[in-house]
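These notes concern the structure reproduced below.
The values are calculated or read from the model by the stated rules, or taken from the named source; none is laboratory data. Quantities reported herein were computed from a predicted structural model and do not represent experimental measurements. Note that we place each Cβ from the backbone using ideal geometry, even for glycine, and neighbour counts take in every protein chain shown. Accessible surface areas use protein heavy atoms only, side chains included; no ligands, DNA or RNA. Shrake-Rupley method; radii C 1.70, N 1.55, O 1.52, S 1.80 Å.
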Amino acid sequence: MTTNVSAIAAPAANTPLVRTTVPRRPVGEHDVLIEIKYAGICHSDIHQVRNGWGEGIFPMVPGHEIAGIVTEVGPGVTRHRVGDRVGVGCFVDSCRECEQCRQGLEQYCTGKGTSTYNDLDKNGEPTYGGYSTHIVVDENYTLRIPEGIPLDAAAPLLCAGVTLYSPLTHWQAGPGKKVAIVGLGGLGHMGVKIAHALGAEVTVLSQSLKKQEDALKLGADHYYATSDPETFAALRGSFDLVISTVSAPLDFDAYLSLVKPDGTMVNVGAPEEPVKVALFSLIIGRKTLAGSMIGSIAETQEMLDFCAAHSLAAEIELITADQVNEAYERVLASDVRYRFVIDASTI
Ligand code: NAP
Ligand code: ZN
Ligand code: ZN
């Protein structure tokens with residue numbers, strides 16, 4: 001039976017979020033019903049509510065950093081049991097047949113993948129995300145949250161955590177490697193923690209000096225303000241890996257100048273406008289400019305286990321459903337320390 005559950009939604013593009021109800025499908029053969037406890041606010045939620053990436057599907061219930069408890073399982077479920085602590089990230093299905101799906105890289109599915117919200121599922125029904133009290137998800141797209149991580153601080157790992165873990169491990173951040181993280185927001189602060197835990201030498205490049213003390217506590221070895229023009233001269237050719245988490249268009253040429261010859265700059269930020277790059281920034285020094293999107297299901301589980309083993313989780317500010325619109329404004333003002341998480345019991 002389809003059930004209506006409480007949620008907070010944007011009724012149309014650029015409107016404040018309001019309370020509503022949305023349908024959740026009946027628990028199928030391989031589904032789990034999750035009572036959502038916490039949902040993180042990702043900057044991607046704001047881009048989508050504001051139609052910054054193109055036409056959204058409204059009403060929109062954002063939220064792809066979901067942590068909760070399994071309250072019901074379908075008859076064919078083997079991976080999770082009632083009472084399990086579980087998480088859901090940015091996608092809830094993929095085609096399972098394309099080359100990427102077969103290799104366990106479902107985030108790059110070239111067939112019909114299904115995003116957790118702002119998408120249509122295989123049956124053409126709109127998907128609604130984590131700013132809600134319950135969600136029904138296929139067990140294969142549901143992660144196990146290790147006991148050691150509090151559920152509220154675990155929620156942001158499902159997007160912010162894996163979005164940094166994936167490029168850091170893919171480009172082998174570790175001992176002897178110099179890594180710069182650009183932007184100290186939700187993604188950036190997880191990048192600092194994970195890169196530090198992997199053994200890399202970590203530098204934070206932030207717009208101002210406001211977050212310096214925090215960055216050093218999170219595990220950064222060095223911190224520079226990018227508003228200071230001296231920074232770019234001082235750090236020229238310094239880094240094996242630069243990861244930009246910035247949500248706005250950036251001067252990529254300036255940041256590529258900080259990469260060592262043969263080094264890589266990975267962009268994970270998803271600004272709404274295109275950016276211009278001078279190809280000479282790559283030619284001189286045989287540099288690579290790459291992108292990376294979230295992580296696979298297996299990689300997300302690996303990241304959660306890594307975080308538990310290293311006692312890592314997000315730095316969060318827990319808010320009620322009534323504070324979400326205000327939180328959006330603070331994220332847009334780079335005033336998030338370092339992830340807002342909605343207490344789903346207030347929805
Ligand atoms: P966030 O918490 O708002 O952090 C972004 C940070 O970027 C800010 O805290 C700020 O850091 C810096 N920044 C913002 N505006 C800037 C500007 N105009 N110039 C320079 N720096 C600026 O956002 P988030 O949730 O971490 O997400 C960051 C971006 O990644 C968003 O575009 C989001 O959509 C995208 N994203 C991508 C993926 C993926 O799979 N690739 C996954 C999740 C999110 P400082 O104050 O330290 O400068
Ligand atoms: Zn996200
Ligand atoms: Zn696929």
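General observations
- GLU29 vs. criteria within 17 Å of LEU158 (Cβ to Cβ) and open to solvent by 30 Å² or more (accessible area, probe 1.4 Å): no
- The set of residues in the range 209-227 that are open to solvent by less than 30 Å² (accessible area, probe 1.4 Å), assigned to a helix (DSSP H, G or I) and out of contact with any strand residue (DSSP E or B) (no Cβ under 6 Å at 6 or more places or on another chain) contains only LEU218.
- From the list GLY129, GLY124, the lone residue that is over 16 Å from the mean Cα position of the chain (by Cα) and assigned by TED's automatic domain parsing to the domain that holds LEU304 is GLY124.
- Strands (runs of 3 or more DSSP E) (entirely within the range 35-100) containing at least 1 residues that are open to solvent by 20 Å² or more (accessible area, probe 1.4 Å), away from ligand 1 (no atom under 16 Å from the Cβ) and among the polar types (S, T, N, Q): 66-73
- GLY54 vs. criteria without any contact (Cβ under 8 Å) to a residue 24 or more places away in the chain, away from ligand 3 (no atom under 16 Å from the Cβ) and out of contact with any Phe, Trp or Tyr (no Cβ under 7 Å at 6 or more places or on another chain): yes
- Among the candidates GLY130, GLY113, the residue that is more than 20 Å from ALA7 (Cα to Cα) and within 16 Å of ligand 1 (Cβ to nearest atom) is uniquely GLY113.
- Scope the range 318-336; condition in a loop (DSSP other than H, G, I, E, B) and either of a type in the set (Val, Ile, Thr) or surrounded by 15 or more Cβ atoms within 10 Å (Cβ to Cβ) (or both); matching residues: THR320, SER334, VAL336
- Conditions (1) within 30 Å of THR127 (Cβ to Cβ); (2) open to solvent by 10 Å² or more (accessible area, probe 1.4 Å); (3) among the hydroxyl-bearing types (Ser, Thr, Tyr); number of the one not met by THR142: (2)
- A Cβ distance below 7 Å, combined with a sequence gap of six or more or placement on separate chains, defines the contacts here; from the range 321-334, residues that are closer than 15 Å to ALA248 by Cα reach residues that are open to solvent by 70 Å² or more (accessible area, probe 1.4 Å) in the pairs SER334/GLN207.
- When ALA160, ALA154, ALA195 are checked against the criterion of being within 9 Å of ligand 1 (Cβ to nearest atom), under 22 Å from ALA298 (Cβ atoms) and surrounded by 24 or more Cβ atoms within 10 Å (Cβ to Cβ), ALA160 stands alone in meeting it.
- Of residues in the range 90-104 being more than 6 Å from ligand 3 (Cβ to nearest atom) and hydrophobic (A, V, I, L, M, F, W, C), the one farthest from THR114 (Cα to Cα): CYS90
- Checking each residue in the range 247-285 for being closer than 21 Å to THR169 by Cα and open to solvent by 30 Å² or more (accessible area, probe 1.4 Å) picks out LYS260, PRO261, ASP262, ASN267, ALA270.
- Cross-chain or 6+ apart pairs with Cβ under 9 Å, the range 85-100 first and at pLDDT 95 or above, then of a type in the set (Asp, Glu) and not in a loop (DSSP other than H, G, I, E, B): PHE91/GLU106; VAL92/ASP138; ASP93/GLU106; ASP93/ASP138; SER94/GLU106; CYS95/GLU106; ARG96/GLU106; GLN100/GLU106
- Residue list for the range 263-298, filter: over 23 Å from THR114 (Cβ atoms) and hydrophobic (A, V, I, L, M, F, W, C): MET265, VAL266, VAL275, VAL277, ALA278, LEU279, PHE280, LEU282, ILE283, ILE284, LEU289, ALA290
- Test for PRO126: is it away from ligand 3 (no atom under 16 Å from the Cβ) and surrounded by fewer than 18 Cβ atoms within 10 Å (Cβ to Cβ): yes
- Boolean, THR110 is within 14 Å of ligand 3 (Cβ to nearest atom) and of a type in the set (S, T, N, Q): yes
- Taken over the range 292-316, the criterion of being open to solvent by less than 60 Å² (accessible area, probe 1.4 Å) and not in a helix (DSSP H, G or I) is satisfied by SER292, ILE294, GLY295, SER296, LEU312, ALA313, ALA314, ILE316.
- Filter pass, SER94 being out of contact with any Asp or Glu (no Cβ under 9 Å at 6 or more places or on another chain) and closer than 26 Å to LEU187 by Cβ: no
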